[in-house]
Amino acid sequence: MSNNLPSLLIVDAMVGATAYTPPHHEALDAALSAAAMDHVRRAQVDIYCSHNHEAISAIREARDAVLATPAVSVGGTLVALDEAAWYTRHNDFVHAEEALEVALDRMKAMKGPARRLV
């Protein structure tokens with residue numbers, strides 16, 4: 001007679017441990033995405049004013065804010081921000097602006113639908 005009870009308990013414990021997800025704080029997401037969006041808008045202004053170094057700094061800060069966001073799908077946003085930085089370094093401002101617009105659109109999508117407080 002075999003006793004599978006200990007192995008079943010271990011498997012059950014492991015399944016329970018991997019199913020845990022930390023609580024999600026929507027206010028923190030909104031603050032981080034708002035900060036990232038503000039950095040992107042500042043980068044757009046800096047590009048418009050031909051302040052390349054300041055624009056790259058703002059893009060870097062936006063990238064850091066996006067990385068701090070606990071959202072799962074930030075890869076496309078990071079790619080768009082990296083492209084914007086590359087185009088800015090190479091003085092291709094039209095494509096840099098387009099990449100920043102893509103990043104903003106993705107951030108708005110990450111933020112989710114607007115919620116009204118009633």
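State all residues of the range 52-72 that are more than 21 Å from the chain's Cα centre (by Cα) and surrounded by 16 or more Cβ atoms within 10 Å (Cβ to Cβ); if no residue qualifies, say none.
First, the residues of the range 52-72 that are more than 21 Å from the chain's Cα centre (by Cα): 52-53.
Hit for the range 52-72 is Asn52, nothing else.
Of all residues in the range 74-110, which are part of a loop (DSSP other than H, G, I, E, B) and over 14 Å from Ala36 (Cβ atoms)? Quick ask: steps written out before the conclusion?
Initially, the range 74-110 is screened for residues part of a loop (DSSP other than H, G, I, E, B), giving 74, 90-92.
Within the range 74-110, His90, Asn91, Asp92 meet the criteria.
Within the range 73-103, how many residues turn out to be surrounded by fewer than 18 Cβ atoms within 10 Å (Cβ to Cβ), within 14 Å of Ala62 (Cα to Cα) and in contact (Cβ under 8 Å) with a residue 40 or more places away in the chain?
Kept after step one, since they are surrounded by fewer than 18 Cβ atoms within 10 Å (Cβ to Cβ), are these residues of the range 73-103: 73, 75-76, 78-79, 82, 86, 89-95, 97-98, 101-102.
Those still in the list that are within 14 Å of Ala62 (Cα to Cα) too: 75-76, 78-79, 82, 101-102.
Within this subset, residues satisfying the condition of being in contact (Cβ under 8 Å) with a residue 40 or more places away in the chain are none.
Of the residues in that region, 0 qualify.
Identify all residues within the range 58-72 that are in contact with a Lys or Arg (Cβ under 9 Å, 6 or more places away or on another chain) and over 18 Å from Met110 (Cα atoms); write none if there are none.
Passing the criteria: only Ala58.
Computed from the coordinates by the stated procedures, all read-outs in this text should not be read as laboratory data. This one's a predicted model, so the numbers in the text were calculated from it and none came from an experiment. Glycine also receives a Cβ, built like all others from the backbone with ideal geometry; neighbour counts cover every protein chain displayed.
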